[in-house]
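Engineer: Following this message is one structure expressed as structure tokens.
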Amino acid sequence: MIAGAPCPDLAALQGAWKQVGFEANGAVDVPDEFGTHDNITTFAGNHFVVRSPEGVLLLEGEFDLYPYSNPKSVNWRDTMGSDTGKTLPSIYCLEDDHFVFVAADDGAPRPTMFRTVSGQTMRTFVRLP
């Protein structure tokens, strides 16, 4: 990507997204430390905020997208919680009103497929109107 060039995926990601799926360490729909599938993640620029359906702040941080890698990649940096200050290497897929990412633990290799193994989580979202 050319430095300073607009990122179409960043523009498409802006706004509110409802989490509809969660997988961790190879297990689907396990309990999520951040609550229910109905959590709302809001993206504004390179900043994200995760809130419960009741509006309680659960997580906050920043991210960098790399839309021209294969698969597309993103680095998450939480600014609160147990992963504060860590970089979580991830891959993502963003198509229309669907967004999914697979994140690895800090220091682990970036995931290469859209399923999890030990030390990885996958979250699936749909755009809110």
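The values are calculated or read from the model by the stated rules, or taken from the named source; none is laboratory data. This one's a predicted model, so the numbers in the text were calculated from it and none came from an experiment. Glycine also receives a Cβ, built like all others from the backbone with ideal geometry; neighbour counts cover every protein chain displayed.
Engineer: Can you pull out the residues in segment 13-67 that are charged (D, E, K, R) and loosely packed, with under 14 Cβ neighbours inside 10 Å?
Structural biologist: The answer is D29, E33, D38, E54, E62, D64.
Engineer: Name the residue that is nearest to G15 (Cα to Cα), counting only residues in segment 49-91 that are free of Cβ contacts under 8 Å to residues at least 60 places away in the same chain and of a type in the set (F, W, Y).
Structural biologist: The qualifying residue nearest to G15 (Cα to Cα) is F63.
Engineer: Restricting to segment 76-93, what's the tally of residues that are farther than 18 Å from E23 by Cβ and crowded, with 18+ Cβ neighbours inside 10 Å? Quick ask: steps written out before the conclusion?
Structural biologist: Of segment 76-93, the ones farther than 18 Å from E23 by Cβ are 77-82, 84-87.
Checking which are crowded, with 18+ Cβ neighbours inside 10 Å leaves us with 78.
Qualifying residue count, segment 76-93: 1.
Engineer: Does T87 count as polar (S, T, N, Q), out of contact with any Ser or Thr (no Cβ under 6 Å at 6 or more places or on another chain) and closer than 19 Å to T112 by Cβ? Explain how you work it out, then say what you get.
Structural biologist: On the way: polar (S, T, N, Q): yes; out of contact with any Ser or Thr (no Cβ under 6 Å at 6 or more places or on another chain): yes; closer than 19 Å to T112 by Cβ: yes.
Considered against the rule, which asks whether it is polar (S, T, N, Q), out of contact with any Ser or Thr (no Cβ under 6 Å at 6 or more places or on another chain) and closer than 19 Å to T112 by Cβ, T87 comes out as yes.
Engineer: Still on this structure: Quick one: is S73 more than 17 Å from Q19 (Cα to Cα), small (G, A, S) and modelled with pLDDT of 95 or more? Don't jump to the end; show me each part of the working.
Structural biologist: Details: more than 17 Å from Q19 (Cα to Cα): yes; small (G, A, S): yes; modelled with pLDDT of 95 or more: yes.
Judged against the criteria, S73 is a match.
Engineer: If you go through segment 17-47 one residue at a time, how many are under 13 Å from the mean Cα position of the chain (by Cα) and free of Cβ contacts under 8 Å to residues at least 24 places away in the same chain?
Structural biologist: 2
Engineer: With respect to G35, is the statement that it is within 20 Å of D78 (Cα to Cα), among the small types (G, A, S) and modelled with pLDDT under 85 true?
Structural biologist: Answer is yes for this residue.
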